[in-house]
Amino acid sequence: MRKILAIWAAKISAVLGVVLGKKSSSTPGAIALKICPDLIKKLKGNIKNQVIVTCGTNGKTTTNNLLYSALTKCGYKVVCNKLGANMLTGIATAFALECDVFGRLKADYACLEVDEAYTVKVFEHIQPDFVIVTNLFRDQLDRYGEIDTIMDIMKNALKKANFPTLILNGDDPISSGFGRDYKGDVLYYGIGQEVLSRQDDVKEGRFCAVCGGEQKYNFRHYSQLGDFYCPNCGNKRPQIDFEATDIDLSNGLKFSVKEQRFLLNYKGFYNIYNCIAVYGAIKALRIDVQSFEKILDNYKPQIGRMQEIDLGKPFILNLAKNPAGFNQAIETVMQDKRKKDVIIAVNDKPSDGTDVSWLWDVDFEKVADSTLNTISVLGMRKYDLALRFKYADVKVDNITDNMKDVLLKCLNSDAEVCYVLVNYTALFSTENLMLEIQKEKERNK
């Protein structure tokens, strides 16, 4: 009875949230868990096949949702926390909302994005069969601490989960380290050639995790990701099971994996990692996907993942919340040779991380080139952004709190495209403003 009451309460809460304009991704689960604390454990038994968890600093929402999309296109029923609520309450929401009014759940798979710091807590409720780790970068130091802390948490979680199969980014010397002396099965994915000509400095994983010596690279993609090796002890990039080669970044993403060619209308080099992680997971699950490329190409990114909104000209909204994410977003922006306006908003609320010292690790110097029209900075940390740009010797055109005003100015400028880079708590309000402007334009036609 408590299980059914919890599910009803979650469903009612979700409906009320929609009426009030909320995303309802966590609150329904929080209410359900208060009524039935073991709700997830009770429902997990109704998952017919495997539970796949995706963790990592960047890319976990896209990777998890790509996998969900692939499985559903194959005809499977899948439980998934698609909105990115990746703590226990978000997972409880996903399970509760998939149940019928009698509390019954029928699903073939569960695809769950899980916050790295919450893996121990989540794995007490549901043990995964597969765990994908996208990468590990410094993120929200006030909340997470250094990467070593996160690694210790995750190693403990994997042990408690009875060593699920790992699917690891083999180009990351940090997250690939989970496979060293691991008691379960391990698969690796990676990118097998040098692609990017401009590289930011290695800020993480500079030293070998085995001997402490300085690592070297045959080539590097960004941050610490690449073909790494240690000249002192011989530790190196592992043998890759799913490797992307023949990469072409002109006009979307083109690459090959195991003689299969992909041509995708995606932005961002980093999305190759997301795609091959999903490819590896599908192969590990032994699912025969007839048209994996078509599934990937038809995938609609979640809010803020290079999300394009047409306001009369393209406005591209992207979530960036740490140095690695911002640097890759900037790299993608500057690969676009159209004349562009750039808007950047950074807040420091608890869910963003209150320590914004990481702004000095972002390569804002790269923003300035002949295609740049204007730069605007907003958010609670707008003055920190303005100062950072001053030291980067880049002129800031607008320092303001009025996002709608800046969006309208960019709409009426002579730039061909506008990129809007925001961190977490600025994301949903910015999207709402962009959609509001879009509706106003449609009404005035």
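For segment 90-99, the count of residues that are touching a Ser or Thr at 6+ places or on another chain (Cβ under 7 Å) and either free of Cβ contacts under 8 Å to residues at least 12 places away in the same chain or more than 19 Å from Asn162 (Cβ to Cβ) (or both) is nonzero. Whenever a residue of segment 430-441 is loosely packed, with under 13 Cβ neighbours inside 10 Å, its partners that are of a type in the set (Val, Ile, Thr), lying with C-beta atoms within less than 8 angstrom and at least six residues away or across chains, give the pairs Leu435/Ile309.
Please work out if Ala281 is modelled with pLDDT of 95 or more and part of a helix (DSSP H, G or I). Here the answer is yes, as Ala281 does meet what is asked.
The rows are residues; the columns are (1) within 26 Å of Tyr424 (Cβ to Cβ); (2) surrounded by 22 or more Cβ atoms within 10 Å (Cβ to Cβ); (3) among the aliphatic types (A, V, I, L, M).
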site: Lys44; (1), (2), (3): no, no, no
site: Asn49; (1), (2), (3): no, no, no
site: Thr61; (1), (2), (3): yes, yes, no
site: Leu66; (1), (2), (3): yes, yes, yes
site: Asn81; (1), (2), (3): yes, yes, no
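If only residues of segment 289-306 that are in contact (Cβ under 8 Å) with a residue 40 or more places away in the chain and assigned to a loop (DSSP other than H, G, I, E, B) are counted, the one that is surrounded by the most Cβ atoms within 10 Å (Cβ to Cβ) is Gly304. Residues in segment 307-323 that are outside any loop (DSSP other than H, G, I, E, B) and touching an Asp or Glu at 6+ places or on another chain (Cβ under 8 Å): Gln307, Ile309, Pro314, Phe315, Ile316, Leu317, Pro323.
Annotation: Asn318 fulfils all but one of (1) in the same structural domain as Leu407 (by TED's automatic domain parsing); (2) among the polar types (S, T, N, Q); (3) modelled with pLDDT under 90; the unmet one is (3).
If you filter segment 333-356 down to residues that are modelled with pLDDT under 90 and not in a loop (DSSP other than H, G, I, E, B), you find that the one that is nearest to Asn423 (Cα to Cα) is Met334.
Picking from residues in segment 60-86 that are in a loop (DSSP other than H, G, I, E, B) and in contact with a Gly (Cβ under 9 Å, 6 or more places away or on another chain), the one that is farthest from Gly304 (Cα to Cα) is Asn81.
For segment 211-243, a tally of residues being over 17 Å from Glu331 (Cβ atoms) and not in a loop (DSSP other than H, G, I, E, B) returns 10.
The values are calculated or read from the model by the stated rules, or taken from the named source; none is laboratory data. All figures in this text were calculated on a predicted structure; none of them were measured in a lab. All Cβ positions, even for glycine, are placed from backbone atoms using ideal geometry, and neighbour counts span all protein chains on display.
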